[in-house]
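The values are calculated or read from the model by the stated rules, or taken from the named source; none is laboratory data. What you see is a predicted model; the values in this text were computed from it and never measured. Cβ placement follows ideal geometry from the backbone for every residue including glycine, while neighbour counts extend to all protein chains displayed.
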Amino acid sequence: MRHSANTISELSGDRDLVRAARAGDRVAYGELYQRYAPMVHGVLLARVTPDHVDDLLQEVFLKAMTQITHLREDDHFGGWIAAIARNRAADHYRLTRERQSTEDFATSIATRGTPGSQAEARIALAAIQALPDAYRETLALRLVEGMTGPEIANRTGLTPESVRVNLHRGMKLLRERLGENQTRLVGGKADVNHD
Amino acid sequence: MTEPTQNYLWDKSGTTDQEIERLESLLAQFRSDPPPTWIHEPLPGRAERRPVKRLWLSAVFALAALVLVSVALSIHARFEWRPGDPWKVVALNGTPQIGSSLVKNRGQFSVGQILVTDAASRARIRVADLGVVDVEPGSRVRLIATHAKRHQIALDYGAISVRMWAPPFSLAVDTPSASLFDLGCAFTLHVESGGYGTVQVTSGWVEFETPLRSVIIPAGAEAVTRPELGPGTPYFSDDTPTFKTAVSAFDSHPEDDGARAAAVASILANAHSHDALTLLSLLNQLPLPRRAMVLDRLAAFVPIPDGYSREDVLNLHTDAMDAYWTALHLGTPKSWFMNWKDVLSY
C-alpha cells in the first residue's frame, strides 16, 4: 500500500514537474532528472557497456529537455524518456558495434585476469545484456539499480503484471545462463592449466 | 501461490534469495547512486514566450528563409548558362550591326557572329547573366563561345567597357596580342588596329596572358599589350607621364640591354610608394644581377615580408614573391562577390 500511495503522489508530482519543466523551470527539470536518472541509467546499462552509460544518460536527458514540448501526456514522462533511452542506446550500438556476445565479453574478462568480484560482476552484467529485451531491462533495473518491481512499473510506465512476469522469467533465464557460463569458464581455465 | 523468494525478487520482501542478493551486491558497482547532477542552462520556457511574438518571429524566419532560397536559386541560375544560347544586345546609340543585321533597338548575339559599331553607334551586350559589355564606337567584337560557366569574346579593335559580377575566369577577351581574363572585375579595354591593347582596371583584378607571360593588373592600374611581345609591366593609371614613358620604354625593348637599363633607372628615379606594383613586376623581368637595385627601391616602400630573406626575393622564390604580392594589399580577386550591388544594374 505504501508503494501505491507514493505512486499516486509521485504521479501527481510528475505532472506538475513536467508542466513546470515545459515552461522552462530548470529546477523542475532537475527534479525529474533526480527521479528518473536511475531508471534511464538501467535502461541504458541493459544495452551498452558501463563506460558509455553516463555520457548517454546526459544525452538522453538533454534530448528530452529539448523535446519536452512534444510530450502529450504529462504523466507519461517515464515511459517517454525510457523510449528515448532505448532509441539512443540502439543508435549508439549501430554506430559503435560495441556490444559483444555474452561469451566473448565473459571470456575476454576472464582472460584479462580482472580481479575476482569485478570479473564476476562483468560476467553477470554481460549475461543480463544477452537476455531478450524485455527481461534484460527489467533485471538491470532490479539487480543493478536496486529498484523494486512496483518502482520499475512506476518509472517505466509498464504495468506491474508485465514487470512481475519479466522479472521472474528473466531471472530464471539468467540463472541458467550464468550456470552455463560458470561451467564454460571453469572448463576454459582448466584447459589453459593443462597447457 | 507465490514463493517467498519470488516476493524478494518482486519487492525485496519475504525470504531473502541468496543468489539474487549476491547478484545485487556484485552489480551494485554499476549503479547510478546517487545520479550525477544535472547541470544545464535554463530551459527555453514555453510559458515565458509570448505567442504573438513567436508567431511574428516564425513569420520573419520563414520570410528570411524564403528570401535566402530565392537568392540562392537566382545566383545559381545566373551562373548556369545553357551553352550556345544567344546573348541579348541593346543599341545604346546609333545602329550597331550584328552580321548583316542592323540592331535598331534590341537584338541577339550568337556564337560565331560579329558585332560592329561605327563612329556613331554603341551597343550593350549582356554576358549571359553575369555582366555587361558596352561596345564603344568604332569597335568590332566577336562572340567565340558560351559555355555553362565560361564565356569568350574577341575584341579585334575598338574599345569595350566590361563589368562582371561573377567568379574569376568567367569571361575571356581575346585581343590580337594577348588574352584577357576577368578575375571578378570592371575594366576598359582598348585595342588599336595594329594590335596594341591597353586595359584599365577599375574594380577587382584582370589577368593579361600569352603562352609565355602572364600579368595581373589590380584595380586602379593598367597595362599595355603589344604585338609579338604580349602584356607589359602594370602601372597605376595616375602615375606621371614620365613614369609611364619609362615603363613603356622598358617593355618595348626586351632585347636592348642599354635601353632597358636606362628605362629601369628612370623608373626607379620616378617611382613613388604606390609604384611597388611596378617594381615587383620588374623584378620578375630582370636578370639576377640587376634585381638588387630594384629590390632596394621596392623594400624602401614595402618591406620584405616577414619570414623571407632578401635572397629569397632576389631568387624569385615563389612563396616569397606571393608574400610580397600580398604585402602590397591590392585586394583579392574574390572580392567580386562584395560588389553585389552590380547585380542590380544588369
- Could you say whether any residue in the stretch B:122-137 is modelled with pLDDT of 95 or more, surrounded by fewer than 22 Cβ atoms within 10 Å (Cβ to Cβ) and assigned to a loop (DSSP other than H, G, I, E, B)? yes
- Note on the structure: Residue hits (the stretch B:171-206; small (Gly, Ala, Ser) and touching a helix residue (DSSP H, G or I) at 6+ places or on another chain (Cβ under 7 Å)) are B:Gly184, B:Gly204
- Note on the stretch B:177-218: residues farther than 28 Å from B:Leu283 by Cβ and not aliphatic (A, V, I, L, M) are B:Glu192, B:Ser193, B:Gly194
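Using the structure shown, decide if A:Gln34 is at the interface with another protein chain (Cβ under 9 Å from one of its Cβ atoms) and more than 13 Å from A:Ile84 (Cα to Cα).
On the way: at the interface with another protein chain (Cβ under 9 Å from one of its Cβ atoms): yes; more than 13 Å from A:Ile84 (Cα to Cα): yes.
Yes; evaluated as a whole, the condition is true for this residue.
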- Please determine, by comparing only the residues of the stretch B:138-179 that are closer than 17 Å to B:Val89 by Cα and of a type in the set (D, E, K, R), which one is surrounded by the most Cβ atoms within 10 Å (Cβ to Cβ). B:Arg163
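Among the residues of the stretch A:31-42, what is the count of those that are touching a helix residue (DSSP H, G or I) at 6+ places or on another chain (Cβ under 9 Å) and without any contact (Cβ under 8 Å) to a residue 24 or more places away in the chain?
Of the stretch A:31-42, the ones touching a helix residue (DSSP H, G or I) at 6+ places or on another chain (Cβ under 9 Å) are A:31-33, A:35-42.
So of that shortlist, the ones also without any contact (Cβ under 8 Å) to a residue 24 or more places away in the chain come out as A:31.
Final tally of qualifying residues: 1.
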- Message: Anything in the stretch B:261-278 that is in contact with a helix residue (DSSP H, G or I) (Cβ under 6 Å, 6 or more places away or on another chain) and either surrounded by fewer than 14 Cβ atoms within 10 Å (Cβ to Cβ) or of a type in the set (D, E, K, R) (or both)? List them, or say none.
- Response: B:Ser273
